[in-house]
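Quick notes on the structure that follows.
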Amino acid sequence: MADDQVAVVTGAGSGIGREVATALLAAGYRVALAGRRAEPLRETATEDTEATGALVVPTDVTDADAVAALFGEVRERWGRLDLLFNNAGTFGVPGSVDTLPVDDWRRTVDVNLTGMFLCAQQAVRMMKAQRPRGGRIINNGSVSAHSPRPESVAYTATKHAVTGLTKSISLDGRAFDIACGQIDIGNAATDMTAGIAAGAKQADGSVRPEPTFEARHVAEAVLHLAGLPLSANVQFLTITATAMPFIGRG
């Protein structure tokens with residue numbers, strides 16, 4: 001149990017975020033649930049009827065003031081932060097570099113990269129100042145941080161950038177007992193990835209169904225990472241459906 005541990009989970013209203021938040025609550029964490037819409041966050045908070053440590057904080061991660069307010073509420077309620085699961089993200093509008101409208105590019109960058117930066121910034125500030133100091137940040141990357149899908153220029157570029165963000169936080173956090181790692185997920189079964197099971201565009205232009213795996217296994221992996229002492233860090237962890245066309249992409 002982790003009754004004295006405090007976590008923030010972004011994108012906690014659905015998908016991977018909901019699975020991870022529910023698992024943390026069940027393990028005894030006190031968890032701030034962040035996301036754009038209040039109602040899905042409240043549904044996450046009541047998913048485990050035994051959970052009493054949930055704080056619902058509707059938050060737009062692209063808004064610096066809203067993100068600061070989120071972490072301010074955590075500080076006021078619990079006085080510290082032990083874990084940030086930096087998870088909020090969007091596929092955005094599909095497109096290649098010559099077809100994607102610049103406004104759609106910017107919207108994806110704002111959520112997937114700037115949003116992660118803003119949350120990490122506030123988390124690191126808290127972790128440096130608190131006593132005992134330190135904590136852990138787990139950024140949700142993607143297998144697209146390694147290998148793109150067709151017509152995913154904005155999503156792929158942001159996920160490659162998240163890897164750079166992870167490395168920089170890990171390096172800069174060393175002196176302050178802040179560990180930062182990244183989990184790269186491929187084809188976990190959620191509403192966001194439902195189309196992949198039906199048929200996903202492949203590198204050769206064909207459309208084929210792809211295997212998926214239960215999202216609860218992602219939550220189990222995050223719980224393992226969160227349970228490590230701050231003297232140990234899993235820098236990168238990749239979890240995918242075993243038969244996913246990722247290695248070799250086809």
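The values are calculated or read from the model by the stated rules, or taken from the named source; none is laboratory data. In this text, all values refer to a predicted model and were calculated from it rather than measured experimentally. So basically every Cβ, Gly included, is an ideal-geometry build from the backbone, and we count neighbours across all protein chains shown.
Per-residue answers, yes or no, for (1) assigned to a loop (DSSP other than H, G, I, E, B); (2) of a type in the set (D, E, K, R):
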{"position": "Val57", "(1), (2)": "no, no"}
{"position": "Val74", "(1), (2)": "no, no"}
{"position": "Arg77", "(1), (2)": "no, yes"}
{"position": "Gly89", "(1), (2)": "yes, no"}
{"position": "Asn112", "(1), (2)": "no, no"}
{"position": "Gln121", "(1), (2)": "no, no"}
{"position": "Met127", "(1), (2)": "no, no"}
{"position": "Pro148", "(1), (2)": "yes, no"}
{"position": "Tyr155", "(1), (2)": "no, no"}
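Within segment 89-100, residues that are more than 15 Å from Ala161 (Cβ to Cβ) sit with their Cβ atoms under 7 Å from residues that are in a strand (DSSP E or B), at 6+ positions apart or across chains, in these pairs: Pro94/Ser152. In segment 14-32, the residues that are outside any helix (DSSP H, G or I) form Cβ pairs under 6 Å with partners that are of a type in the set (Phe, Trp, Tyr) and at pLDDT 95 or above, at six or more places apart or across chains, as follows: Arg30/Trp78. Within segment 164-185, one or more residues are of a type in the set (D, E, K, R), in a strand (DSSP E or B) and under 24 Å from Trp105 (Cα atoms). No other residue among Arg125, Arg136, Arg106, Arg80 is among the charged types (D, E, K, R), in contact (Cβ under 8 Å) with a residue 60 or more places away in the chain and over 22 Å from Ala215 (Cβ atoms) apart from Arg80. Looking at Thr193, is it out of contact with any Pro (no Cβ under 8 Å at 6 or more places or on another chain) and at pLDDT below 95? Here the answer is yes, as Thr193 does meet what is asked.
In this structure, is Phe85 at pLDDT 95 or above, over 16 Å from Leu113 (Cα atoms) and surrounded by 22 or more Cβ atoms within 10 Å (Cβ to Cβ)? Talk me through it step by step, then tell me what you get.
On the way: at pLDDT 95 or above: yes; over 16 Å from Leu113 (Cα atoms): no; surrounded by 22 or more Cβ atoms within 10 Å (Cβ to Cβ): yes.
Against the criterion (at pLDDT 95 or above, over 16 Å from Leu113 (Cα atoms) and surrounded by 22 or more Cβ atoms within 10 Å (Cβ to Cβ)), Phe85 does not qualify.
Scanning segment 91-110 for residues that are assigned to a helix (DSSP H, G or I) and not hydroxyl-bearing (Ser, Thr, Tyr) turns up Val102, Asp103, Asp104, Trp105, Arg106, Arg107, Val109, Asp110. If you go through segment 221-233 and keep only what is under 20 Å from Glu19 (Cβ atoms) and exposed (fewer than 15 other Cβ atoms within 10 Å of the Cβ), you end up with His224, Gly227, Leu228.
Figure legend. Inter-residue proximity from segment 219-232: first residues charged (D, E, K, R), second residues in a helix (DSSP H, G or I), beta-carbon distance below 8 Å, spacing 6+ or different chains. Indicated pairs: Glu220/Ala23. Go through segment 193-215 and give me each residue that's under 18 Å from the mean Cα position of the chain (by Cα), surrounded by 15 or more Cβ atoms within 10 Å (Cβ to Cβ) and not β-branched (Val, Ile, Thr). Correct list: Phe213, Ala215.
The set of residues from segment 131-144 being surrounded by fewer than 24 Cβ atoms within 10 Å (Cβ to Cβ) and closer than 13 Å to Leu83 by Cα comprises Arg133, Gly134. Test Pro40 against the stated conditions and say whether it is within 18 Å of Asn86 (Cβ to Cβ) and either surrounded by 15 or more Cβ atoms within 10 Å (Cβ to Cβ) or out of contact with any helix residue (DSSP H, G or I) (no Cβ under 6 Å at 6 or more places or on another chain) (or both). Judged against the criteria, Pro40 is not a match.
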